[in-house]
Amino acid sequence: LAPLLALDNLRVSFAIRSPILRRIKMQVDAVAGVDLAVAPGKTMGVVGESGCGKSTMARAIVGLERPTGGSIRFAGEAIEDADANARRRLARDIQMIFQDPFASLNPRKTVAQIIGEVWDVHPDLTPEHGREREIIRLMERVGLSPEMASRFPHQFSGGQRQRIGIARAIALRPRLIVCDEPVSALDVSVQAQTLNLLAELQQEFGLAYLFIAHDLSVVRHISDELAVMYLGRIVETGPVETIYQQPAHPYSIALLSAIPVPRPWAEERPPRIVLEGDVPTPLAPPSGCRFHTRCFMARDVCRSESPSLRPVAGRNVACHFAEEALTRSAPGADA
Ligand code: SF4
Ligand code: MG
């Protein structure tokens with residue numbers, strides 16, 4: 001199956017002023033060479049701590065950041081080569097849902113106006129039965145009562161606001177929705193409802209999702225494939241269950257070991273690994289393997305040689321010692 005979205009060695013760098021010497025400009029490689037493919041109708045989960053480049057990558061895909069290297073292809077076409085027509089098509093086909101629905105909704109507009117805006121930009125896509133009826137249909141579809149159409153965002157709960165964001169995102173019948181931590185700000189019970197809604201919409205419309213989260217238990221339920229990011233790079237990627245059952249990158253092992261399980265006595269799992277220290281600044285990423293400053297398996301070679309993604313046990317891993325890491329993450333193993 002040809003991918004719907006394909007990132008090829010994607011790079012996004014910013015020039016920022018040095019925090020110490022303001023007149024010096026420094027380069028931050030927020031996304032430092034990412035390869036990623038999302039299949040039509042499927043979900044690619046992306047996890048990693050804050051600052052690992054997830055949001056910057058998401059913003060580049062929807063055109064809010066300009067890549068500084070590599071390419072983004074959608075349905076086989078490079079986004080950077082798109083002419084005006086292709087850009088309009090992309091603006092329809094790729095939508096985004098944000099972490100904070102409140103910040104992304106205009107507080108002075110009613111829900112009907114917020115959803116209806118999409119047809120100001122794409123009047124040719126206005127449904128034959130008219131905006132009003134379509135707004136009602138969309139609100140019902142996402143579980144909001146149509147009587148709420150004349151209300152303003154502040155009159156809704158966080159979960160309802162996210163539903164408004166979802167209604168707006170699906171209004172143009174996109175093929176891909178980039179979801180940047182869409183449930184991180186919601187209560188656990190509301191998270192589950194929102195994830196169920198996204199799963200239903202995926203079935204109904206054949207949507208693909210790029211689903212970004214820092215919470216691994218959220219990503220598991222919704223994803224087919226998973227990509228684990230660390231400091232601007234993907235360190236492990238493959239089928240979600242393959243990685244959850246037995247992660248092969250030390251960073252994935254640590255992240256997964258920290259997930260609370262509902263019935264710890266019923267599940268055999270390796271002991272918890274607590275990562276020391278914070279994520280290093282992308283202004284000065286560590287040499288060699290970027291994870292070596294926090295890795296419990298690091299050796300000399302890790303400080304000098306940067307590991308590339310390579311196939312190991314049904315997924316791709318960027319670690320010189322992935323085979324050994326895999327034995328450590330086996331169920332019941334002693335780390
Ligand atoms: Fe750890 Fe070395 Fe593997 Fe990097 S390459 S994850 S430092 S063992
Ligand atoms: Mg973010």
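Descriptive notes on the structure:
- Hits in the range 111-160 (condition: in contact with a helix residue (DSSP H, G or I) (Cβ under 7 Å, 6 or more places away or on another chain), without any contact (Cβ under 8 Å) to a residue 12 or more places away in the chain and not in a loop (DSSP other than H, G, I, E, B)): Glu140, Pro146
- Note on the range 8-31: among residues that are closer than 22 Å to Tyr209 by Cα and in contact with a Lys or Arg (Cβ under 8 Å, 6 or more places away or on another chain), the one that is surrounded by the most Cβ atoms within 10 Å (Cβ to Cβ) is Val31.
- Matching residues in the range 24-81 - criterion: being assigned to a loop (DSSP other than H, G, I, E, B) and closer than 23 Å to Leu1 by Cα: Ala39, Pro40, Gly41, Lys42, Val62, Ala75, Gly76
- Selected residue (only one of Arg131, Arg59, Arg87 is closer than 30 Å to Ala284 by Cα, of a type in the set (D, E, K, R) and in the same structural domain as Ile177 (by TED's automatic domain parsing)): Arg59
- Cβ pairs under 6 Å, 6+ apart, first in the range 1-19 and more than 14 Å from Ala78 (Cβ to Cβ), second assigned to a strand (DSSP E or B) and among the acidic types (Asp, Glu): Ser13/Asp29
- For the range 223-263, the set of residues classified as within 17 Å of the chain's Cα centre (by Cα) and in a loop (DSSP other than H, G, I, E, B) consists of Ser223, Asp224, Leu231, Gly232, listed by residue number.
- Pairs meeting the criteria (first residue in the range 300-323 and assigned by TED's automatic domain parsing to the domain that holds Pro250 and modelled with pLDDT of 95 or more, second residue surrounded by 13 or more Cβ atoms within 10 Å (Cβ to Cβ) and among the basic types (Lys, Arg), beta carbons under 8 Å, at least 6 apart or on different chains) are Ser306/Arg290; Ala318/Arg233.
- Selection within the range 307-334 - more than 8 Å from ligand 1 (Cβ to nearest atom) and surrounded by 16 or more Cβ atoms within 10 Å (Cβ to Cβ): Leu309, Val312, Arg315, Asn316, Val317, Leu326, Arg328, Ser329
- Any hit, the range 220-233, residues being free of Cβ contacts under 8 Å to residues at least 60 places away in the same chain and over 12 Å from Lys42 (Cβ atoms): yes
- Of everything in the range 217-262 that is buried (at least 22 other Cβ atoms within 10 Å of the Cβ) and of a type in the set (S, T, N, Q), the residue that is farthest from ligand 2 (Cβ to nearest atom) is Gln246.
- Answer residue from the range 287-302, given it is more than 8 Å from ligand 1 (Cβ to nearest atom) and out of contact with any Pro (no Cβ under 7 Å at 6 or more places or on another chain) and is nearest to Leu275 (Cα to Cα) among those: Arg294
The values are calculated or read from the model by the stated rules, or taken from the named source; none is laboratory data. Bear in mind the structure is a predicted one, so any value in this text is a computation, not a measurement. Positions of Cβ are backbone-derived with ideal geometry, glycine not excepted, and every protein chain shown enters the neighbour counts.
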